[in-house]
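Trainee: Right, I'll just put the structure down here and ask away after.
The values are calculated or read from the model by the stated rules, or taken from the named source; none is laboratory data. Nothing here was measured: the structure is a model prediction, and the numbers come from that model. Here the Cβ positions follow ideal geometry from the backbone for every residue, glycine too, while neighbour counts run over all protein chains shown. Each accessible area value is taken on the protein alone, full model and side chains, heavy atoms only, with ligands, DNA and RNA left out. Shrake-Rupley method; radii C 1.70, N 1.55, O 1.52, S 1.80 Å.
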Amino acid sequence: NYRLRHIFPLFRYLRKLHRQNPITLITTQDLHGIFWAGLAFGRFSNVPVIGQVHSNLASDYYRRVNYSEPYGRLYERIVFLFIRAFDGLRVVNTEAKRYLETRGYRKRIAVLPVQVTVFNIDKESEEIEESRKKDKNVLRVIFVGRFVQVKNLELWIKTAHKALQSCKAIDFFLIGDGEERRNIEKLRDSLCLNEHVTFVGAQTPHQLAHWYADSDIIMLTSRYEGLPRVIVEAMNYGVVPVCTDASCPRDLVQHGVNGYLGRADPEVLSRFLIDLSKDPGKRVSMGKRARETVIEKYSPEKLRKGWMDFLLSYVS
């Protein structure tokens, strides 16, 4: 691992920096590779060290992928042994916090999601209204992200296919790009979904904001996520999330309140889409609650303050 080769050089650099200008706190970006340098420096120099966990360690799939090799299982055990040396941990969802506690971590854990910033575009603007005139009665479902295996876009396409068998008034758009695009396009073509499933390609942040403002549902079928920022971004515009229960933490999506969570099954997920298609009132009310969730829990100001308060509590 290229990160492992940087442990000792980074440790020496931190020591040099500390002699020039004393360091009062260290935070590590993840639990892989060079985090060891920060942890070793902290223990050697008596400096508090805060670890950060951006993934959902509670996910079996995550652990299989990241600790799949024979040495990987050993590395996993070592990580969870030394993780107790951190003075505190920052995680992005409550599920990860509970899992770390079951693995024996007894110090402070702060649940602090990643900050999300989006362009604010009025959902009722003339530009948005004009783009929807021709299909205002058609439900618009989007995916935003990388086309990689962990996003499980095969399930996404199969869910679209299942929903369209019962309701033709739905259009699906995949926004992004990646190594799995060709395979997903082939699956779309084999299921004869070209009329209803469109590959949009990568978009700028401003273009993406228009897609959020112009959509009804965002569907995520990932095999695991820490905290999917695209869901927060979409909910900020009143877009209703429909997700697998592995792709969205319950901190963010409350089933049946501001979105839907279900098992990774096209039958299950398609029922949520059909339900929202047939009940515009429910779609509007859930979208309103989705936006309220973002304002209440995920505003940049609130998250920034929470993160700073957590860090400063170790140096004051």
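Trainee: Label points 7 Å out from Cα along the Cβ direction at LEU191 and ASN21: separation in nm?
Mentor: Computed distance between label sites LEU191 and ASN21 equals 5.4 nm.
Trainee: What are the ³J(HN,Hα) values, in whole Hz, obtained from phi via the Karplus relation 6.51 cos²θ - 1.76 cosθ + 1.60 with θ = phi - 60°, for each residue of the stretch 254-264 in sequence order, with x given for Gly and Pro?
Mentor: 9, 4, x, 10, 10, x, 10, 10, x, 6, 6
Trainee: What FRET efficiency comes out for ASP265 versus VAL114 if R0 is 25 angstrom and r is the Cβ-Cβ distance? Round to the nearest 0.05.
Mentor: 0.30
Trainee: Carbon and sulfur: what percent of the stretch 188-316's accessible surface (1.4 Å probe)?
Mentor: Of the solvent-accessible surface of the stretch 188-316, carbon and sulfur hold 52 percent.
Trainee: Taking GluC sites (Glu not before Pro) as candidate sites, keep only those in a DSSP loop with at most 11 other Cβ atoms within 10 Å, then name the longest stretch of the chain containing none of them.
Mentor: Answer from the scan: 1-123.
Trainee: Return an integer: the convex hull volume of the alpha-carbon atoms of the chain, in Å³ per residue.
Mentor: For the chain, the hull spanned by Cα atoms encloses 150 Å³ per residue.
Trainee: Would you compute, from DSSP H runs of 4+ residues alone, the mean residue ellipticity of the chain at 222 nm, taking -39500 (n - 2.57) per run and dividing by the full residue count, rounded to the nearest 500?
Mentor: -14000 deg cm²/dmol
Trainee: Give the accessible surface of the chain per residue, rounded to a whole number of Å², with probe radius 1.4 Å and ligands, DNA and RNA excluded.
Mentor: Here the residues of the chain average 51 Å² of exposed surface.
Trainee: Just list whichever of LYS158/LYS282; LYS107/LYS288; LYS151/LYS297; LYS158/LYS278; LYS282/LYS305 have alpha carbons separated by over 29 Å in the model shown.
Mentor: Working: LYS158/LYS282 24 Å; LYS107/LYS288 37 Å; LYS151/LYS297 25 Å; LYS158/LYS278 20 Å; LYS282/LYS305 34 Å.
LYS107/LYS288; LYS282/LYS305, as the Cα separations exceed 29 Å there.
Trainee: Can you list the residues, at least 5 places off or on another chain, whose amide H is less than 5 Å from the amide H of VAL197, using H built in the peptide plane?
Mentor: Residues meeting the amide H criterion: PHE172.
Trainee: Still on this model: What length, rounded to one decimal in nm, is gained on full extension from ARG289 through to PHE8, with 0.36 nm per residue of separation minus their alpha-carbon distance?
Mentor: Using 0.36 nm per residue and subtracting the Cα-Cα distance, I get 96.3 nm.
Trainee: Could you tell me the convex hull volume per residue, in Å³, taken over the Cα atoms of the stretch 162-316?
Mentor: Convex hull of Cα atoms, per residue: 135 Å³.
Trainee: Lone cysteines in the chain, defined as no other cysteine's Cβ under 4.7 Å from theirs: which are they?
Mentor: Within the chain, the cysteines lacking a partner Cβ under 4.7 Å are CYS167, CYS192.
Trainee: How much FRET efficiency would the formula 1/(1 + (r/R0)^6) give for VAL200 and LYS305, where r is the Cβ-Cβ distance and R0 is 41 Å, rounded to 0.05? Please report the intermediate quantities before stating the final value.
Mentor: On the way: r = 36 Å, r/R0 = 0.87.
So the FRET efficiency works out to roughly 0.70.
Trainee: If you average the alpha carbon positions of the stretch 28-102 and of the stretch 200-272, how far apart do those two centres end up, in angstrom?
Mentor: Here the two parts' Cα centres lie 27 Å apart.
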